[in-house]
1. If the requirement is being part of a loop (DSSP other than H, G, I, E, B), of a type in the set (A, V, I, L, M) and in contact (Cβ under 8 Å) with a residue 40 or more places away in the chain, which of these qualifies: 219, 176?
2. Filter segment 456-483 for residues that are of a type in the set (Asp, Glu) and outside any loop (DSSP other than H, G, I, E, B); which is most open to solvent (accessible area, probe 1.4 Å)?
3. Go through (1) surrounded by fewer than 21 Cβ atoms within 10 Å (Cβ to Cβ); (2) of a type in the set (D, E, K, R); (3) within 18 Å of residue 40 (Cα to Cα) and name the single condition residue 330 misses.
4. Got a sec? Which of 351, 362, 325, 414 is in contact (Cβ under 8 Å) with a residue 12 or more places away in the chain, β-branched (Val, Ile, Thr) and over 30 Å from residue 179 (Cα atoms)?
5. Count, please, the residues in segment 87-120 that happen to be within 26 Å of residue 264 (Cα to Cα) and surrounded by fewer than 20 Cβ atoms within 10 Å (Cβ to Cβ).
6. Just for segment 31-74: of the residues that are assigned to a loop (DSSP other than H, G, I, E, B), of a type in the set (A, V, I, L, M, F, W, C) and at pLDDT 95 or above, which one is surrounded by the fewest Cβ atoms within 10 Å (Cβ to Cβ)?
7. Can you name every residue in segment 399-440 that is closer than 21 Å to residue 37 by Cα, part of a helix (DSSP H, G or I) and either among the hydrophobic types (A, V, I, L, M, F, W, C) or open to solvent by less than 40 Å² (accessible area, probe 1.4 Å) (or both)?
8. Determine, yes or no, whether residue 221 is acidic (Asp, Glu) and either out of contact with any helix residue (DSSP H, G or I) (no Cβ under 8 Å at 6 or more places or on another chain) or closer than 16 Å to residue 168 by Cβ (or both).
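The values are calculated or read from the model by the stated rules, or taken from the named source; none is laboratory data. It should be emphasised that the depicted structure is a prediction, and the values quoted were computed from it without experimental measurement. Neighbour counts are summed over all protein chains in view; Cβ atoms, including those assigned to glycine, are modelled from backbone coordinates with ideal geometry. Keep in mind that these areas ignore ligands, DNA and RNA; they rest on the heavy atoms of the full protein, side chains included. Shrake-Rupley method; radii C 1.70, N 1.55, O 1.52, S 1.80 Å.
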Amino acid sequence: MDLDVAVIGCGVSGANIARRLSAYNIKTAILEKSADVSFGTSKANSGIIHGGFHHNKKYLKARLEMQGGLMFDQLKRELNFPFRRCGIIVAALHRDEMKVVEHLYLQGVENEVIGIELCSRQRILELEPKLSEDAVGGLYAPGGGIIEPYRFVYALVESAQKNGVELLTNFKVSKAKWAGGSSNGVWTVSAEDGREVKARYVINAAGLFADEVSKIFGAEDFKITARKGEYYLLDRLTKACPSKVVFPVPTAVSKGMLVIPTVEGTALVGPTADSCEDKDDFSTTQKKLEQILISGKTIIPSLSQNDVITSFAGLRPCLEEDFYIEASKKAPAFVQVAGIQSPGLTASPAIAEYVKNILVDIGLQLTEKPHWDPFVENHPCARYMIDANNEKGNESGLAKLDSLIQSDPAWGNIVCRCENVSEAEIVQAVKLGHTTLDGVKYFTRAQMGRCQGGFCTYKIIKIIMRESELSLEQVTKHGGASCVLAGTL
């Protein structure tokens, strides 16, 4: 495969970069080591579009956060992913914490955050009544929001593919060789399984493994440290779900333990922030989870362990205090996009624009496609139609669902009853290339409800087998050796 640009890694940064480049008359491909996109850092984070006040604008990450955060309304219109600007609160529980809050407020004003507000005790409790009565004041940023990060990545990739970008999964880069001059050479990039692509330019957006990829290309020597964040997920019936993202007052190490309403109606509590040597260690511990609950109950007292439906951990790629995004000084035609931790999700659309400009600066010629189409199909969801019908005075939801059932009876077969996911949605996920249990989960939300797949996993496996012609032994949780069953059904 001869390419103009190869993007290594398909998390939120790589996906945004690939989609941005799809608007130009160049050949672009994404090289992803996992079985599906968004299986790294992007699958397990807080899902927050940040408010633009946590970092000073002297940092690149702060400037990209501010730019990227403003881009999500248009992206939602084009890509139809779950996103809502619910607002962000920082709640101070002690008078001495108000000094930090005031600093964040002034920093937000300097960063030109729209509508940022320094709040009294009365105002902060008015904005979020579920806060502790110990609250003495706080900060409010109405532009902050919540998003399903994996659905965002899926939509970006679908858009990129629609506009000509190739996606190569299970492509773990093992070797790279440069041939030719500094201005007209080409990289030969090899995967562990022997596949090769040739590319004039390479983007290193490999997340936790960006340091290893950099060494493979003979570029800069740096070390990515994994920082583990453990979370609790609460049932959608919990009384503790706030209307806004609630931050405690941050420390020098972390933004603290948050209580987050998810865009799909559940709630998250967390994360912790602990350095982790093993970049594949997604384990959780009882000690840390107890710490999460105690901290969460401090700001939202109605939190209850009875509402917990699962726990999980995500790993953030820590490098230095700022993002590392620049053309390599050692490897030709190679761009580093590394150390993209918080607020990387918020900054990601702006990161794509920034990387595009770097590519132009180092010689890539870009001509816009006259017929580039930024829009993707709005995939219908049974749960949205059922929820709409449950709204007072609105009976159109089930009418729409009934119409879909008339054309395809699979819409009437609810496979995941916790999240109201139909067979038709799972079939659609598989046809779009999501042939693992986790891939189906992130695309449809099947297995994400109260029972965590206890009732629907068996049915989903059978649908994957039927639609993809995979055997039982070939169906995996997330690719590789993560087989889930052996034998016959």
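1. Unique residue meeting the criteria: 219.
2. Checked segment 456-483; the qualifying residue most open to solvent (accessible area, probe 1.4 Å) is 473.
3. It fails just one condition, (3).
4. Being in contact (Cβ under 8 Å) with a residue 12 or more places away in the chain, β-branched (Val, Ile, Thr) and over 30 Å from residue 179 (Cα atoms) holds for just one of 351, 362, 325, 414, which is 414.
5. So the answer is 2.
6. Initially, segment 31-74 is screened for residues assigned to a loop (DSSP other than H, G, I, E, B), giving 32-40, 44-47, 50-59, 70-71.
Adding the requirement that they be of a type in the set (A, V, I, L, M, F, W, C) leaves 35, 37, 39, 44, 53, 70-71.
Imposing the further condition that a residue be at pLDDT 95 or above reduces the set to 35, 37, 39, 53, 70-71.
Values: 35: 20, 37: 29, 39: 23, 53: 27, 70: 16, 71: 18.
Across segment 31-74, the extreme among qualifying residues is 70.
7. Result: 425, 426, 427, 429, 430, 437, 438, 439, 440.
8. So residue 221 does not fit the description; no.
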